[in-house]
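Here is the structure we will look at, set down as structure tokens.
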Amino acid sequence: MIKIGTALFEACEELERERGISKDVLIASLCDALVAAYKKHMHIKDAANIEAILDEQTGEIGVFSTKTVVETVEDPDTQISLEDAKEIDDEVKIEVTPEQFGRIAAQSAKQVITQRIRDAERNNILNEFLEKKGTLTTGIIQRVENRNVIVNIGKTDAIMPQREQIPREYYKPGNRIRVFVLNVKETNRLPQVIVSHAHPEIVKELFELEVPEIEDGIVEIKSIAREAGYRTKIAVWSNDPEVDSVGACIGPRGSRIQTIVGELKNEKIDIVRWSPDPVEYIVNAISPARVVSVDIMTDDEETKDALVVVPDDQLSLAIGREGQNVRLAHRLTGWKIDIKSISQMESEEANNNTNYEYNDDVVVEDEERPVDSEEIQEEIEEEMNQQELDEEDIQQEDIEETSEEE
């Protein structure tokens, strides 16, 4: 037996605390490494009956050969005669640890133990982040390499590719960042974790944190369409008729929506009221543009086409810069939306000699228009300015009354 003392067990416990590698895994790795070193030392390729046993009480480890007790020995490596056995049994374990085997075992076992520790650590990280796949986590920006942002998310560094970054965003090393775990890939070394800073789930979590009604299940987020750094449309629905879904997301004096906009670096957010009626839902999604009518062209599950007619002065607003507004509306609703102005429809009518009937029932009233985060900020500033003017008028009236009394 080889005396190793208590230092080994202390080292195993320290590794278990720091890296989360089980003490049993480390001890099993040491025993396997000792067996591998014995085979190499004795020039044995196959030795299924060889094992290493560690006595935790005495702090000793040794190599043992399990031999079957037989009357006539045919294979001395695996069998022992009855006369040689100290007591009758089916099997006996005989220590075969070579003399001065400690140094040889240490040198040969080092690589095996190191590899086992790496494998155990890789498996722990892989299992941990496989559970986190599809969730949000907080990390610290480490550096930027080849347009990829390296983010430390605990036990490993994750990669944020350029396509998952917010355009025009400056990622400064040392800053904390909220990211979405997109994928976990197993590699020969540590698992490769891919994260995103532009995923719609980040917006969803911010709303869940800021709006208690969403966390309680009263208000439900039905859909999110996002072009990170520019604009997001979010469709909400209230399961309680007494709770306004849009108002709950805005908060008192716009406090909730302003907090979310601040977290997203002033990204525009359109809060859309979801509706089971596709016509009404499409009208809300086209906000902030006013809609004259919506015609459902095809409503198949695979091809959902709708024709939206807007006033001439609302056409560019409905389409948005570089088609952003209608593109987000399409992603939000799942409908392919074709937008045309009234003059365009009239021109087509004249060419085709047909009369187009506008559906006035779907015209959006001002109070039903989905809310835009910039409009909320403007309303708050106007209200504050009006309060200041009112206070100045009151002060002026007080001065005039005092002058008259004198």
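List, please: which pairs have Cβ atoms under 6 Å, are six or more places apart or on different chains, and start with a residue in region 157-168 that is under 23 Å from Lys268 (Cα atoms) and assigned by TED's automatic domain parsing to the domain that holds Glu186 and end with one that is of a type in the set (D, E, K, R) and surrounded by fewer than 14 Cβ atoms within 10 Å (Cβ to Cβ)?
Gln162/Arg147
Consider only pairs whose beta carbons are under 9 Å apart and that are at least six residues apart or on different chains; among these, list those whose first residue lies in region 336-352 and is touching a residue at least 40 places away in the same chain (Cβ under 8 Å) and whose second residue is assigned to a helix (DSSP H, G or I) and surrounded by fewer than 12 Cβ atoms within 10 Å (Cβ to Cβ).
Taking only residues 6 or more apart or on different chains, the pairs are Ile342/Asp312.
Give the residues of region 174-190 that are in contact with a Ser or Thr (Cβ under 7 Å, 6 or more places away or on another chain) and not in a strand (DSSP E or B), sorted by residue number.
Scanning region 174-190 gives a single hit, Leu190.
Report yes if Ile53 is at pLDDT 70 or above, assigned to a loop (DSSP other than H, G, I, E, B) and either aliphatic (A, V, I, L, M) or not assigned by TED's automatic domain parsing to the domain that holds Ser29 (or both), otherwise no. Reasoning before the result, please.
On the way: at pLDDT 70 or above: yes; assigned to a loop (DSSP other than H, G, I, E, B): no; either aliphatic (A, V, I, L, M) or not assigned by TED's automatic domain parsing to the domain that holds Ser29 (or both): yes.
No.
Here is a list: Lys39, Lys67, Lys45, Lys3. Which entry is at pLDDT below 75, surrounded by fewer than 18 Cβ atoms within 10 Å (Cβ to Cβ) and in contact with a strand residue (DSSP E or B) (Cβ under 8 Å, 6 or more places away or on another chain)?
Values: Lys39 fails: at pLDDT below 75; Lys67 fails: surrounded by fewer than 18 Cβ atoms within 10 Å (Cβ to Cβ); Lys45 fails: in contact with a strand residue (DSSP E or B) (Cβ under 8 Å, 6 or more places away or on another chain).
Only one candidate qualifies: Lys3.
I need the full set of residues from region 149-171 which are touching a strand residue (DSSP E or B) at 6+ places or on another chain (Cβ under 8 Å) and of a type in the set (D, E, K, R), in order please.
So in region 149-171, the residues touching a strand residue (DSSP E or B) at 6+ places or on another chain (Cβ under 8 Å) come out as 149-154, 156-162, 164-165, 171.
Answer for region 149-171, where residues must be touching a strand residue (DSSP E or B) at 6+ places or on another chain (Cβ under 8 Å) and of a type in the set (D, E, K, R): Asp157, Glu164.
From the list Asp216, Asp277, Asp240, which residue is over 19 Å from the mean Cα position of the chain (by Cα), within 19 Å of Ile337 (Cβ to Cβ) and of a type in the set (D, E, K, R)?
Working: Asp216 fails: within 19 Å of Ile337 (Cβ to Cβ); Asp240 fails: within 19 Å of Ile337 (Cβ to Cβ).
Unique residue meeting the criteria: Asp277.
Restricting the search to region 216-233, which residues are among the hydrophobic types (A, V, I, L, M, F, W, C), assigned to a loop (DSSP other than H, G, I, E, B) and in contact (Cβ under 8 Å) with a residue 40 or more places away in the chain? Show your work before the answer.
Pass one, region 216-233, residues among the hydrophobic types (A, V, I, L, M, F, W, C): 218-219, 221, 224-225, 228.
Adding the requirement that they be assigned to a loop (DSSP other than H, G, I, E, B) leaves 218, 228.
Matches in region 216-233: Ala228 only.
Condition first: of a type outside the set (A, V, I, L, M) and in a strand (DSSP E or B). Now tell me which residues in region 148-163 satisfy that. Full working, then the answer.
Of the residues in region 148-163, the ones of a type outside the set (A, V, I, L, M) are 148, 152, 154-157, 161-163.
Residues satisfying the conditions are Asn148, Asn152, Asp157.
Please work out if Glu213 is within 30 Å of Gly20 (Cα to Cα) and part of a helix (DSSP H, G or I). Break it down stepwise before answering.
Numbers: within 30 Å of Gly20 (Cα to Cα): no; part of a helix (DSSP H, G or I): yes.
No; evaluated as a whole, the condition is false for this residue.
Is there a residue in region 164-173 that is part of a helix (DSSP H, G or I) and under 19 Å from the mean Cα position of the chain (by Cα)? Walk me through it before giving the result.
From region 164-173, those part of a helix (DSSP H, G or I) are 164; that's our starting set.
Remaining after also requiring under 19 Å from the mean Cα position of the chain (by Cα): 164.
Within region 164-173 (the criterion being part of a helix (DSSP H, G or I) and under 19 Å from the mean Cα position of the chain (by Cα)), the answer is yes, since at least one residue qualifies.
Being in contact with a helix residue (DSSP H, G or I) (Cβ under 7 Å, 6 or more places away or on another chain) and in a strand (DSSP E or B) is the filter here; which residues of region 116-147 pass it?
The answer is Leu136, and nothing else.
Examine region 101-115 for a residue that is outside the structural domain of Pro173 (by TED's automatic domain parsing), among the basic types (Lys, Arg), modelled with pLDDT under 80 and surrounded by 17 or more Cβ atoms within 10 Å (Cβ to Cβ), and state whether such a residue exists. Break it down into steps so the answer makes sense when it comes.
Applying the first criterion (outside the structural domain of Pro173 (by TED's automatic domain parsing)) to region 101-115 yields 101-115.
Then keep just the ones that are among the basic types (Lys, Arg); that gives 103, 110.
From what's left, modelled with pLDDT under 80: 103, 110.
Cutting the leftovers down to surrounded by 17 or more Cβ atoms within 10 Å (Cβ to Cβ) gives us none.
No, the conditions are met nowhere in region 101-115.
Across region 174-199, which residue is nearest to the chain's Cα centre (by Cα) among those that are modelled with pLDDT of 90 or more and loosely packed, with under 13 Cβ neighbours inside 10 Å?
Once the filter is applied, the top-ranked residue is Arg176.
So Asp157 clears everything in (1) surrounded by 14 or more Cβ atoms within 10 Å (Cβ to Cβ); (2) under 30 Å from Lys222 (Cα atoms); (3) among the charged types (D, E, K, R) except one condition, right? Which one?
Looking at each condition in turn, Asp157 falls short on (2).
Looking at region 289-319 only, could you name the residues that are touching a helix residue (DSSP H, G or I) at 6+ places or on another chain (Cβ under 8 Å), exposed (fewer than 15 other Cβ atoms within 10 Å of the Cβ) and of a type in the set (Val, Ile, Thr)?
Result: Ile296, single match.
Would you say Glu322 is at positive phi and either in contact (Cβ under 8 Å) with a residue 12 or more places away in the chain or surrounded by fewer than 19 Cβ atoms within 10 Å (Cβ to Cβ) (or both)? Before the answer, list the steps.
Values: at positive phi: yes; either in contact (Cβ under 8 Å) with a residue 12 or more places away in the chain or surrounded by fewer than 19 Cβ atoms within 10 Å (Cβ to Cβ) (or both): yes.
So Glu322 passes the test.
Please enumerate the residues belonging to region 203-250 that are in contact with an Asp or Glu (Cβ under 7 Å, 6 or more places away or on another chain), crowded, with 22+ Cβ neighbours inside 10 Å and among the hydroxyl-bearing types (Ser, Thr, Tyr).
The one that is in contact with an Asp or Glu (Cβ under 7 Å, 6 or more places away or on another chain), crowded, with 22+ Cβ neighbours inside 10 Å and among the hydroxyl-bearing types (Ser, Thr, Tyr): Thr232.
Provide a single number: the residues in region 141-154 that are surrounded by 15 or more Cβ atoms within 10 Å (Cβ to Cβ) and within 15 Å of the chain's Cα centre (by Cα).
Qualifying residue count, region 141-154: 3.
Per-residue answers, yes or no, for (1) at positive phi; (2) touching a residue at least 40 places away in the same chain (Cβ under 8 Å); (3) in contact with a Phe, Trp or Tyr (Cβ under 7 Å, 6 or more places away or on another chain):
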position	(1), (2), (3)
Gly251	yes, yes, no
Glu263	no, yes, no
Ile271	no, yes, no
Ala285	no, yes, no
Ala289	no, no, no
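The values are calculated or read from the model by the stated rules, or taken from the named source; none is laboratory data. Predicted model only: the values in this text are computed from it and were never measured. Note that each Cβ is placed from the backbone with ideal geometry, even for glycine, and that neighbours are counted across all protein chains shown.
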